[in-house]
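Written out below as structure tokens is the structure these notes cover.
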Amino acid sequence: MSSPENAPKHSPFAGCLLVMISFSVMGFLGIFGIWSGLKMGDAIKEFTDLEPLEVPTTTVNPSSIQQVETQFKAFTQAQKTQQPGEIRLTREELNQVFSHYPENNELAKNFHLLSITPEELTAQISWPLNKKPFSKDRPHLNGKMTAKAALENGEIVLKISNITDHAGREIPQEFQENAFFKNYRIAIKYREYEPINTTLRGVTSISHENGALLFQHDPAQASAIVAATQKSEKPQLLGVAGFFGFVLVGIIILLKVYKKRKNLGPPA
């Protein structure tokens, strides 16, 4: 017969409860995501199309591309030697960069710069949006956007101030407040490509000029931007780690209880 000393010290209820709570949260988030997707899918019909509209194409000038590459090489070298550096790209040069390099194929299809002023830039867009749950059709936002180039946690983004559809109507304010329509992460794809990723990460400021964007590198600011970027990423990592840690603790408790019960054997 088992003695009180050998009785399990952990209740299986604690482990079961932790696992049940974890999967309940996951289930709720899944259902809420589907419901939100269906609701949003109905609303965006008012300003989207089922087919993309072609944006203007750009003729690539080899000498312009060579000048851009020369600027990039000098900018990268300035980073390596911890010296100030800058890249000045006109609207035409930026559109040529989008069209010339294979990494930009998708961007060239759905984004074309129309103008750059000291205050903002304007672009023609044809953005594919997420499909509505259980739907085969992918909506496209065809129109124009007004934005300002900026740095967000060390990443180059376009801070959008206004979006209109192809008929010139502004999209509803509740969508313009959405994170996707607020900050267009135009440079996120370049994280996959080196040395472009390292070069872009070295940008410490962006300013608008008449017809061009100026990207600058200041060694004194670079370390502060890196520190701020790492700090902003920590809460996201902690949130993910915390959730899986919660599930793991529950599973460990269940395994310990099961092992102790197995070692006790049947009553004598």
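The values are calculated or read from the model by the stated rules, or taken from the named source; none is laboratory data. Nothing here was measured: the structure is a model prediction, and the numbers come from that model. Every residue, glycine among them, receives a Cβ derived from its backbone with ideal geometry; neighbour counts consider all protein chains shown.
Only one of the numbered conditions (1) surrounded by fewer than 18 Cβ atoms within 10 Å (Cβ to Cβ); (2) under 13 Å from Glu120 (Cα atoms) is not met by Met145, and that is (1).
Residues that are outside any strand (DSSP E or B) and more than 20 Å from the chain's Cα centre (by Cα) within region 160-194 comprise His166, Ala167, Gly168, Arg169, Ile171, Pro172, Gln173, listed in sequence order. Does Glu233 meet the test of being exposed (fewer than 15 other Cβ atoms within 10 Å of the Cβ), modelled with pLDDT under 55 and in a helix (DSSP H, G or I)? Criteria met by Glu233.
Yes or no: region 74-85 includes at least one residue that is of a type in the set (Lys, Arg), loosely packed, with under 15 Cβ neighbours inside 10 Å and modelled with pLDDT of 95 or more. Scanning region 74-85, I find no residue that is of a type in the set (Lys, Arg), loosely packed, with under 15 Cβ neighbours inside 10 Å and modelled with pLDDT of 95 or more, so the answer is no. Looking only at residues in region 87-130 that are surrounded by 15 or more Cβ atoms within 10 Å (Cβ to Cβ) and free of Cβ contacts under 8 Å to residues at least 24 places away in the same chain, the one that is nearest to His140 (Cα to Cα) is Trp127.
For region 70-86, state whether one or more residues are of a type outside the set (Ser, Thr, Tyr), part of a strand (DSSP E or B), in contact (Cβ under 8 Å) with a residue 24 or more places away in the chain and touching a helix residue (DSSP H, G or I) at 6+ places or on another chain (Cβ under 8 Å). The answer is yes, given that some residue of region 70-86 is of a type outside the set (Ser, Thr, Tyr), part of a strand (DSSP E or B), in contact (Cβ under 8 Å) with a residue 24 or more places away in the chain and touching a helix residue (DSSP H, G or I) at 6+ places or on another chain (Cβ under 8 Å). Quick check on Glu194: is it of a type outside the set (S, T, N, Q), closer than 24 Å to Ser126 by Cβ and modelled with pLDDT under 95? Spelling it out, it is not the case that Glu194 is of a type outside the set (S, T, N, Q), closer than 24 Å to Ser126 by Cβ and modelled with pLDDT under 95. Across region 186-209, the qualifying residues are those that are among the charged types (D, E, K, R) and surrounded by 14 or more Cβ atoms within 10 Å (Cβ to Cβ), and the one among them that is nearest to His112 (Cα to Cα) is Lys189.
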